Amino acid sequence: MKGRLFVFSAPSGCGKTTILKGVFERIDGLKFSISSTTRAPRKGERDGVDYFFITEQEFRTRVRQNRFLEWAEVHGNLYGTDRKQVEEALNCGLDLIMDIDVQGARQVKCAMPEAVTVFILPPSWKELERRLRDRRTDDEDSIRRRLQNAYAEVSEAYWYDYAIVNDAIDKAIEEVVHIITSFRLQTSRLAGFISGLLSQKR
């Protein structure tokens, strides 16, 4: 049975990375889709683990070759998801987690309508600003730009399949776990088991 693609988006500072880390600790059989980006690695990030860090020239070449399932420019940097990587994982029966911005999520949903989209919301604007400042990874101009972009990103949440408010990290993780588990319990995913059960002699 083909795997399911789960697409997650959120404004910077909403805790999406922490939530997904918790989900991977609770659910087996998930694979993370590693995006390519032209931005410089942050402290502690590793090439091929967090992102594939490539030059803008290489990125543009791959765009012309139609190698990206989706791509977008975010905060002055380019991000994209390799089409072949996604298709291979799904065809192997793995459920794939994709962490991308709203522009990319729209592209994926158009290309793969069966993809499940989830938007992570902050509990308030004040809390979002606090989280951004506590990260201490951005200068003042970057923080202001991220807060401005957050409003536009949240306005896109309406078309996502699910929305989760991250007001308590453990609760948010469990809500994502429930979403993924519910799709794994669909009869289409268990068709093989049902057929095998029916074929057994009583």
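Taking the average, over residues, of other Cβ atoms within 10 Å as the packing measure, peptides 36-44, 9-17 rank 9-17, 36-44 from highest down. Overall size of the chain from C-alpha positions, given as principal axis extents largest first: 70, 41, 31 Å. Beta-bridge orientation, the chain: approximately 30 percent antiparallel, per DSSP, counting only bridges with both partners inside. With the helix formula -39500 (n - 2.57) applied to DSSP H stretches of n ≥ 4, the chain reaches a computed 222 nm mean residue ellipticity of -13500 deg cm²/dmol. Would you list which lysines come within 28 Å of residue 126, measuring only between C-alpha atoms, while excluding same-chain residues fewer than 8 positions from it? Partners found: 16, 21, 43, 171. Helices in the chain that qualify as membrane-span-like (whole DSSP H runs, Cα extent of at least 20 Å along the helix axis, mean Kyte-Doolittle hydropathy of -0.5 or higher) are 169-184. Build a GNM of the chain with springs between Cα atoms under 10 Å: which of 85, 57, 103 gets the top mean-square fluctuation? Of 85, 57, 103, the most mobile in the Gaussian network model is 57.
When the Gaussian network model of the chain links Cα atoms closer than 10 Å, the mean-square fluctuations of 187, 18, 55 top out at 187. Computed over the alpha-carbon atoms, region 123-202 gives an Rg to Rh ratio of 1.27, Rh here being the Kirkwood radius from the mean inverse distance.
Give the relative contact order (percent, whole number) for region 5-199; include only Cα pairs under 8 Å separated by 6+ residues. Relative contact order comes out at 30 percent.
Coordinate-derived values only; no laboratory data. The structure presented is a predicted model; accordingly, all values stated were derived computationally and were not measured. Glycine gets a Cβ as well: all are built from the backbone with ideal geometry, and neighbour counts include every protein chain shown.
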